[in-house]
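For reference, the structure is listed below as structure tokens.
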Amino acid sequence: MRKLIDRLFQGECLTREEFQALVLCEDQDVLELLFQRAKERTEEVFANHVYIRGLVEISSYCKQDCFYCGLRCSNKKAQRYRISPEDILATCEKGYEMGFRTFVLQGGEDDFYTDQMLCELIREICLSCPGSAVTLSLGEKSRRSYEAFRKAGASRYLLRHETATAEHFARLHPPKQRLASRMEALTTLKDLGFQVGAGFMVGSPFQTPEHLAEDLYFLQEFRPHMVGIGPFIPHQDTPFGSYRPGSSALTVKMVAITRGILPGALIPATTALATLSKDARGRALQAGANVVMPNLSPSEVRVKYNLYNNKLSTGTESAQMLEALRKELEVYGRKMDMSRGDSPLWKE
Ligand code: SAH
Ligand code: SF4
């Protein structure tokens, strides 16, 4: 097992079986070694910096029906809202004054916002917040739409693949949502010059160690710039409401292995992980994670962006809270970095 970790951190490609062996490993000494290596590799590439991204949850309307998500269109109990482009811009401007230089516009797949509206908004954010990166996380769209967003000035796109195994994907989504089209969207985004974020849930229903190994193998092949890895957390008004949440320990392990595969990747310590355990977020930051995404959404909409039960919705709407985050990161020996923090693998 130690040899496997050596090979991973020497940049060798591993087989699916080898990834599976790592996923299954429970030996505490070996895991300590894995976490140590992941921490060292992160420091070699990024020093002790943790990049801060301002998350704006622009809409809780969604036309998709992912079985795991509280915003799915079949959830009639979901509270729906959308933030107007003017208010999204104002939220980014407020964040800019606080020092944020990346804005992540995330939402359900909501056709209320036309491409034209979004492009105009992206251009306005770029103008009002010079030197900032606009990241989108708005689900699957056509190549034309992605291309328009890119031209308007968006430079990053987060679209988790959720699981790289087609049969597993089919158990988490209705038939009209397909892994092949998700993968095609990811390839298109890369092709258009976006910094692309893939990623998956840990402990989603029916997931096996083979599935997780396949996710790692996919990351090794696709080489995304960013990887979002978070535990599955049930939402009571979904078909998976009574399933168990994913394990935070396994999530941290997946983060550490991912750091071995992709030394230059930007890997957030996710909100879902922090929701399960605050402690686990710290452990992820000690084992390969190097991004935190505080919530900038206006407080009145936060509770309505309810992807899963008890989602943490406290964020960083004030300078004091940002100061608290700085202190928390210092405890882990990490330095809060508010700069754009582009992927070292990316050129405009
Ligand atoms: N609609 C967009 C962005 C919002 S959802 C999209 O799907 O890409 C953002 C992420 O939330 C999803 O990629 C999914 O991995 C995560 N998510 C949704 N429901 C979840 C749940 N119950 N537990 C953990 N993560 C969940
Ligand atoms: Fe919609 Fe995204 Fe939730 Fe799926 S995960 S239902 S696409 S918000």
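Where a number appears in this text, it was derived from the coordinates with a stated rule and is not lab data. Since we're looking at a predicted model, the values are computed, not measured. Glycine gets a Cβ as well: all are built from the backbone with ideal geometry, and neighbour counts include every protein chain shown.
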Among 255, 73, 220 - extreme Cα towards positive end, dipole of the chain, charges at beta-carbon: 73
Within region 60-211: Cβ-based charge dipole about Cα centre, in debye rounded to nearest 20 (Lys, Arg +1; Asp, Glu -1): 260 debye
Rg(Cα)/(2.2 N^0.38 Å) for region 268-348, N = residue count: 1.17
Spin-label proximity, residue 24 to region 201-223 - amide N less than 17 Å from point 7 Å beyond Cα toward beta carbon: 207-217
Inter-label distance, nm, simple model (7 Å from Cα along the C-beta direction), residue 17/residue 40: 2.8 nm
Estimated dipole of region 15-148 in Debye, rounded to 20 [Cβ of Lys and Arg +1, of Asp and Glu -1, Cα centre]: 540 debye
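Restricting things to Cα coordinates, could you compute the convex hull volume per residue of region 219-331 in Å³?
Measuring per residue, one finds 118 Å³ for the Cα hull of region 219-331.
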Distance histogram for region 1-103 (every C-alpha pair counted, 10 angstrom bins, percent rounded to whole numbers): 12, 22, 18, 26, 21, 1
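Relative contact order for region 167-325: what percent, with Cα pairs under 8 Å and sequence separation of 6 or more?
Relative contact order for region 167-325 comes out at 18 percent.
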Amide H partners (placed H, <5 Å) of residue 133, local residues excluded: 102, 103
Mean Kyte hydropathy of 1.0 or more with a Cα span along the axis of at least 15 Å, helices from DSSP in the chain: 248-261
With 5 Å bins from 0: P(r) over region 130-186, alpha-carbon pairs, percent: 4, 17, 26, 20, 13, 10, 6, 2, 1
Where only alpha carbons of region 13-170 are counted, the Rg and the Dmax (Å): 19.5, 54
Compactness of region 182-237, expressed as Rg and Dmax over alpha-carbon positions, Å: 12.9, 38
Region 108-235: radius of gyration over Cα atoms, expressed as a fraction of 2.2 N^0.38 Å: 1.12
Whole-angstrom Cα spans of region 47-111 along principal axes, big to small: 42, 32, 18
Computed log₁₀ I(q)/I(0) - Debye formula, equal Cα scatterers, no solvent, the chain, q 0.06, 0.15 Å⁻¹: -0.19, -1.38
Nitroxide proxy distance, nm - points 7 Å out along Cα→Cβ at residue 249 and residue 120: 5.4 nm
CD proxy at 222 nm, helix term only [per DSSP H run n ≥ 4: -39500 (n - 2.57); per residue of the chain; nearest 500]: -13500 deg cm²/dmol
